[in-house]
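What follows is a set of notes on a single structure, which appears directly below.
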Amino acid sequence: DNNDSWTDVTQADLDKLAQLVTDLGLDGVHIDDEIVGTDQTNMDAYYTLISQVRQALDSVSTQQKQTQATHALTLSLAGWATGADCTAQTPNSDYPQCTNNSYWSGNNAGRERILFHDHSDVLAMIDAIAVMSYNYGNSQYDPVVAYNQFRQIAPGKSIAIGVQQAPESAPNADPIQN
């Protein structure tokens, strides 16, 4: 059981989130769902969460438009560091961009690639992705490759690379720079 994951989100949770956005006058919400695994159950739960939060934000936008001029609220995702990688779950026949599999075999490799493929409408729900490049403290990890892979699977979306002064997974990591 992963306590950092947004499983079993209730309507009351979404109402509270919408109220927080309204009360603070926020421009949007950033989802960092720490799911573990790319099995169908996790991917469906991830999709459902994104859908529910998008609906809550759209509801706030609609309410605000009735009382004042406003803009659509932004929804961004924290993309797993290797979430756009090609894996054994992304065979060439279904994912023509995948010519070789990722160096990484972790539970979340290919997470967003699979999500965007299986639920193509999710790209219309999000505005930006922040790649959690700080999660891999290994000299084999290249954040530039990750950025380019996310750019490939989410064309037209704003892509940012998350950085951290002291990497949370490896204190002696030396990021690759191209």
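The values are calculated or read from the model by the stated rules, or taken from the named source; none is laboratory data. Here the structure is a predicted model, which means the values were calculated and not measured. For neighbour counting, all protein chains shown are included, and Cβ atoms are generated from backbone atoms with ideal geometry for every residue, glycine included. Heads up: the accessible areas ignore ligands, DNA and RNA and are worked out on the full protein's heavy atoms, side chains in. Shrake-Rupley method; radii C 1.70, N 1.55, O 1.52, S 1.80 Å.
Observations, loosely collected:
- Subset of the range 3-21 (residues that are at pLDDT 90 or above, farther than 18 Å from MET125 by Cα and surrounded by 14 or more Cβ atoms within 10 Å (Cβ to Cβ)): ASP13
- For the range 22-52, the tally of residues that are over 29 Å from THR87 (Cα atoms), of a type outside the set (A, V, I, L, M, F, W, C) and surrounded by fewer than 17 Cβ atoms within 10 Å (Cβ to Cβ) stands at 4.
- Remark: pairs (first residue in the range 38-54, touching a residue at least 24 places away in the same chain (Cβ under 8 Å) and farther than 19 Å from THR90 by Cβ; second residue open to solvent by 50 Å² or more (accessible area, probe 1.4 Å) and part of a helix (DSSP H, G or I); Cβ separation under 9 Å; 6+ apart in sequence or on different chains) = GLN52/GLN11; GLN52/ASP13; ARG54/ALA124.
- Residue match in the range 53-60 (condition: under 17 Å from ASP142 (Cβ atoms), of a type outside the set (A, V, I, L, M, F, W, C) and either open to solvent by 10 Å² or more (accessible area, probe 1.4 Å) or modelled with pLDDT under 90 (or both)): no
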